[in-house]
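The values are calculated or read from the model by the stated rules, or taken from the named source; none is laboratory data. Keep in mind that this is a model prediction, so the values were computed, not measured. Positions of Cβ are backbone-derived with ideal geometry, glycine not excepted, and every protein chain shown enters the neighbour counts. The accessibility values were calculated without ligands, DNA or RNA, using every heavy atom of the protein model including side chains. Shrake-Rupley method; radii C 1.70, N 1.55, O 1.52, S 1.80 Å.
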Amino acid sequence: FIALDCSPIDDINTTHPEFRLGAGPMMRYYDRGTLLKTKLRDYLKTKFNTSNIQTYFAVGGTDAISYYTENGGAISTSLLIPGRYLHSPAGIASISDIEKTISILSEFLANINNQELLKLKDIYTNGQ
């Protein structure tokens, strides 16, 4: 399961922000409800066809938590669009980040097959 969501960033109040608008999508490897194994994170980064996707630890969470924990759990992560002021009446996101997120996810889904699903299952079951 891949939760497609937004993630709050603070790139205007920080001298050297870790995450910023226009830097592309983000992928959480750990938050309050999910833990993405290192091998699985690396596999997804490769399959998302980018080594510079912003990966990070987060305190919050997305809908991936429910899929990760319910009925024995499922492979889950979040592909996130960085944004400012997300829990306010007027959030801000970069159109290029949105377009890149759509492109990454579309390419990933177009190339998934039974062999890739078995590889994911093996990584999830036996990976670290």
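Report, by residue number, each residue of the stretch 64-95 that is in contact with a Leu (Cβ under 9 Å, 6 or more places away or on another chain) and among the hydroxyl-bearing types (Ser, Thr, Tyr).
Once the filter is applied, which keeps residues that are in contact with a Leu (Cβ under 9 Å, 6 or more places away or on another chain) and among the hydroxyl-bearing types (Ser, Thr, Tyr), the stretch 64-95 yields Tyr68, Ser76, Thr77, Ser78, Ser94.
Leu4 passes all but one of (1) open to solvent by 40 Å² or more (accessible area, probe 1.4 Å); (2) closer than 23 Å to Asn126 by Cβ; (3) assigned to a strand (DSSP E or B); which number fails?
Here Leu4 meets the rest and fails (2).
Across the stretch 7-30, what is the number of residues that are part of a strand (DSSP E or B) and open to solvent by 60 Å² or more (accessible area, probe 1.4 Å)? Before the answer, list the steps.
First, pick out the residues of the stretch 7-30 that are part of a strand (DSSP E or B): 7-8, 26-30.
Among the residues that remain, those that are also open to solvent by 60 Å² or more (accessible area, probe 1.4 Å) are: 8, 29-30.
Qualifying residue count for the region: 3.
Of the numbered conditions (1) open to solvent by 40 Å² or more (accessible area, probe 1.4 Å); (2) farther than 23 Å from Ile98 by Cβ, Gly33 satisfies every one except a single condition; which is it?
Going through the list (1) open to solvent by 40 Å² or more (accessible area, probe 1.4 Å); (2) farther than 23 Å from Ile98 by Cβ, Gly33 breaks only (1).
From (1) within 11 Å of Met26 (Cα to Cα); (2) of a type in the set (A, V, I, L, M, F, W, C); (3) modelled with pLDDT of 75 or more, pick out the condition that doesn't hold for Phe57.
Phe57 satisfies all of (1) within 11 Å of Met26 (Cα to Cα); (2) of a type in the set (A, V, I, L, M, F, W, C); (3) modelled with pLDDT of 75 or more except (3).
Among what's in the stretch 89-101 and is more than 13 Å from Cys6 (Cα to Cα) and within 16 Å of the chain's Cα centre (by Cα), pick the residue that is modelled with the highest pLDDT.
Glu99
What are the residues in the stretch 82-104 that are surrounded by fewer than 16 Cβ atoms within 10 Å (Cβ to Cβ) and either on the phi > 0 side of the Ramachandran plot or assigned to a helix (DSSP H, G or I) (or both), if any?
Tyr85, Ile95, Ser96, Ile98, Glu99, Ile102, Ser103
Scan Leu120, Leu109 and give me the residue that is hydrophobic (A, V, I, L, M, F, W, C), exposed (fewer than 14 other Cβ atoms within 10 Å of the Cβ) and under 22 Å from Thr38 (Cα atoms).
Going through Leu120, Leu109 in turn, the sole match is Leu109.
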